[in-house]
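The values are calculated or read from the model by the stated rules, or taken from the named source; none is laboratory data. Predicted model, so just to flag it, every value in this text is computed and none were measured. Using ideal geometry, Cβ is built from the backbone for each residue, glycine included, and neighbour counts are taken over all protein chains shown. Surface areas here come from the heavy atoms of the whole protein model, side chains and all, with no ligands, DNA or RNA. Shrake-Rupley method; radii C 1.70, N 1.55, O 1.52, S 1.80 Å.
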Amino acid sequence: MKNPGWVDLQVNGHHGVDFNSPDLTEDQFIRAAEELLAAGTSMFLPTLITKPLELYRRNAAVIRRAVEKAHLEAAIPGLHLEGPFLSGQGIGSHNPAWLQVPSPRAIRDLYEATGGFIKILTMSAESENLAEGIQAATELGIKVSVGHHMAGYAQVHAAADAGARYLTHLGNGCPNLMGRHENPLLAGLAEDRLTAFIITDGHHLPGDLIRVIFKAKGVDRIVVTSDSSAACGMPPGPIHIQDNDAILEPNGRLYNPEKQCLVAAASTMQMCMNFLESLGFLSEDELVKVGRTNPLKVLGM
């Protein structure tokens, strides 16, 4: 299909450049961004995962300077912070040492540390003080998504009641084994107020599960994200990425063999859309909607 200019709300890095690295430079970020834009992504949110406040402050400043230096403001409107307000039960590849409990003060500290550059904040729906955290973020103009949790129906509904409107990589960021009738996947599918972000790289979700998510949510409430990382574009083999000793397989699967979890992804948005198209159940207009129109709506565009 013709590429309309995909919009990716979750990008951790690209081709050897980790946006979460304490050594990230402006030139590295510009190179990664320009390569990513050349690969079919017209707009994206650099994503910082669970880190200490000083890392958020440093890397947000580096990214903002790089964006201004390279005149990329139209392509990079802000950041997605995936953490640090996660519960620990669905921590996945994140470092539990840097988890925080959400509070209005903690939210303001993050906002100020990043210069108000946050567009989306992911927190766990089972976090303490969840409603206060969501309200504080919303008042600052930050869109709240929930994920990386073991939240059940009541907690996910409570998150929506408090103002959360999105689900970060639904079906991922949770244990490999969960309760069969109450788990974060089913709870997310059941809450109609939450739009689902999903990773369609062919590794994070089976094709049939992607079909189920579309049947439950409908095309208007789904956004495709890549969750791409510095491993994207790198050769297969061992790779240390986002504080994980991971393996990048020849087929593109990126995982931590010790934790038995995926570590972000190694696919561009174009690759994710190609896999989704290959499933054969969406029209071209529907593909454009989940890969461009819907994420633009999340950003208020």
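Mind jotting down a quarter of the surface of the convex hull over the alpha carbons of the stretch 59-200, in square nanometres, one decimal?
8.9 nm²
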### Query
Which whole-number percent gives the relative contact order of the chain, counting Cα pairs below 8 Å spaced six or more residues apart?
20 percent
### Query
Which percent of Cα-Cα pairs in the chain sits in each 10 Å bin, short to long?
7, 31, 39, 21, 2, 0
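Provide the packing ranking of 271-283, 47-59, i.e. peptides ordered by the mean count of other C-beta atoms within 10 Å per residue, highest first.
Most protected by this proxy first, the peptides run 47-59, 271-283.
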### Summary
per DSSP, antiparallel bridges as share of beta bridges in the stretch 194-301, % nearest 5, sits at 65 percent
### Query
How much of the accessible area of the stretch 1-144, probe 1.4 Å, is carbon plus sulfur, in whole percent?
50 percent
### Message
Tell me the net charge near ALA38. Cut-off is 15 Å between Cβ atoms, ALA38 excluded, with +1 for each Lys or Arg and -1 for each Asp or Glu.
### Response
-2
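Determine the calculated [θ] at 222 nm for the chain from helices alone, applying -39500 (n - 2.57) to every DSSP H run no shorter than 4 residues and normalising by the residue count; nearest 500 deg cm²/dmol.
Mean residue ellipticity at 222 nm (helix-derived): -9500 deg cm²/dmol.
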### Message
What does DSSP give for the chain in terms of the percent of beta bridges that are antiparallel, rounded to the nearest 5?
### Response
30 percent
### Message
I need the peptides 289-295, 151-157, 96-102 ranked by packing, meaning the mean over residues of other C-beta atoms within 10 angstrom, with the highest value on top.
### Response
289-295, 151-157, 96-102
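By average Cβ neighbour count within 10 Å, what is the ranking of 192-201, 209-218, 117-126 from highest down?
Going by the mean number of other Cβ atoms within 10 Å, highest first, we get 117-126, 192-201, 209-218.
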### Query
By how many nm would the segment from ASN3 to ALA190 lengthen if fully extended, with 0.36 nm per residue of separation less the alpha-carbon distance?
64.1 nm
### Overall dimensions of the stretch 1-129 by Cα: Rg and Dmax, Å
14.8, 46
### Message
Just to be sure I follow the rule: in the chain, considering lysines 8 or more places apart or on different chains, how many pairs have Cα atoms under 14 Å apart?
### Response
6
### Query
Roughly speaking, what is the centre-to-centre gap between the stretch 209-262 and the stretch 133-170 when only Cα atoms are used, to the nearest Å?
22 Å
### Query
Per residue, what accessible area does the chain have, given a 1.4 Å probe and all protein chains present, in Å²?
40 Å²
### Message
Using only the alpha-carbon atoms, what does the stretch 110-191 span along each of its principal axes? Please give whole angstrom values in decreasing order.
### Response
42, 22, 19
### Extension gain (nm, one decimal) between ASP27 and SER278, 0.36 nm per residue minus Cα-Cα
86.8 nm
